[in-house]
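Encoded as structure tokens, the structure appears first; notes follow it.
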């Protein structure tokens, strides 16, 4: 089920909300309302394909049991159980997600022709697997322990985060499940949550899907043709805005839906296109994944504790695996490798600037900040080309078009991007830079959990939400526009991160 579908907005969400707070009113023990929410989350998950429900249930039962076993043991037995649990989790993820990619690599290396297997990727498997790996690691480290199966099941299946994150941590969510704050209906939470939900819906249905209509024909053409300069740049920039507003919209909707139940999710998106470095970008883009990769991969590999060369190797390895996590394909591997390389260059440049006082004096100037922002965005857009392209050759064709190296006699398709659409693209980037995000607009209401202590990003327009007629009218207009767009285009447009 999609957050944008009418079945979700006008049936599932109202019924789930009403059932949750009715049970909270008539049954004091939290288990009743938490069981309802967990069952509703499984319905939400199974609506897409009921055949996936046994997969997530087996995963939940297995990891809940292993968590109890690990917590009750010590020494080598504890370590062995933890290693077994992690191996089986990653093995299941690898089977569903990477088997056919492995066959593809084998065929390329050996010139064989083994057929791909008919494996259907369970929805959200990367997110619920990583969530449970983080839980097991916390149990092994002595930071977590959960005896309530209902609360653990809800922790994994909680529908606002289930399909595309954020990746949750046990210690952040468990105290909220069953708390007094989440037992009573709050008119303020409903108003705030519905407003944030509407903002996210507008971003997804009206803005992201609109830019997708520009980007998709360009990337499709790149599979077989060289591209004109304007088409190549138009497609690359349009996709950069599509994925930005798509993921921002999903993150907002997840925050808004959850706050209606009195439960705060971690912020997963914090104006990443305002970043002035790739390091800052990864503190603002998919924040929960960045934290997971840092805590459970980069630091265990050694982090920055063993010198610069080892740190660079750890950074590159972490981002390479982060790219592979996003998808089983060479384009995702290249995307991850590029970001690993960008991070290494970023750290080297920072060290270079610090060692030169004359250069360091300019680091705080407006022109330096503008140059850093533009360079960072260029690197991000360049990497997005590989992320979106169907294959590396298509990505290279598009990049050649961007730098003016396309062969004129091989440009068979032109005018894919009307030059007037470039104005819409510029307006989209201006919105990214000028407008505050939900985190800042609703800062007074503390709607999410801060996991990275990022400085609040600057905004030209300091919009702050407040319960007023103006905001009510604006929210209503945005909701009507998004719903009308869904009626016109259909309400089955997936969020881009659903495929991961």
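Looking at 197, 237, 229, 213, just one residue is touching a helix residue (DSSP H, G or I) at 6+ places or on another chain (Cβ under 9 Å) and without any contact (Cβ under 8 Å) to a residue 60 or more places away in the chain, and that residue is 213.
Restricting attention to region 118-141 and to residues that are in a loop (DSSP other than H, G, I, E, B) and touching a helix residue (DSSP H, G or I) at 6+ places or on another chain (Cβ under 7 Å), the residue that is nearest to residue 167 (Cα to Cα) turns out to be 124. Tallying residues that are at pLDDT 90 or above and within 24 Å of residue 294 (Cβ to Cβ) within region 354-377 yields 5. Considering the conditions (1) modelled with pLDDT under 95; (2) in a helix (DSSP H, G or I); (3) over 22 Å from the mean Cα position of the chain (by Cα), residue 233 is excluded by exactly one of them, (1). Quick check on region 441-475: of everything there that is touching a residue at least 24 places away in the same chain (Cβ under 8 Å) and in a helix (DSSP H, G or I), which residue is surrounded by the most Cβ atoms within 10 Å (Cβ to Cβ)? Going through the qualifying residues, I end up with 441.
The residue of region 111-128 that is surrounded by the most Cβ atoms within 10 Å (Cβ to Cβ), among those that are closer than 21 Å to residue 43 by Cβ and either at pLDDT 90 or above or not assigned by TED's automatic domain parsing to the domain that holds residue 51 (or both), is 128.
Identify, please: which residue in region 19-45 is touching a residue at least 60 places away in the same chain (Cβ under 8 Å) and more than 20 Å from residue 175 (Cβ to Cβ) and is, among those, surrounded by the fewest Cβ atoms within 10 Å (Cβ to Cβ)? The qualifying residue surrounded by the fewest Cβ atoms within 10 Å (Cβ to Cβ) is 42. Kindly indicate whether any position in region 354-363 is assigned by TED's automatic domain parsing to the domain that holds residue 277, at negative phi and in contact (Cβ under 8 Å) with a residue 60 or more places away in the chain. No, region 354-363 has no match at all.
All told, residue 67 falls short of being under 19 Å from residue 139 (Cβ atoms) and either more than 32 Å from the chain's Cα centre (by Cα) or modelled with pLDDT under 95 (or both).
The values are calculated or read from the model by the stated rules, or taken from the named source; none is laboratory data. This one's a predicted model, so the numbers in the text were calculated from it and none came from an experiment. Ideal geometry is used to build each Cβ from the backbone, glycine not excepted, and the neighbour counts take in all protein chains shown.
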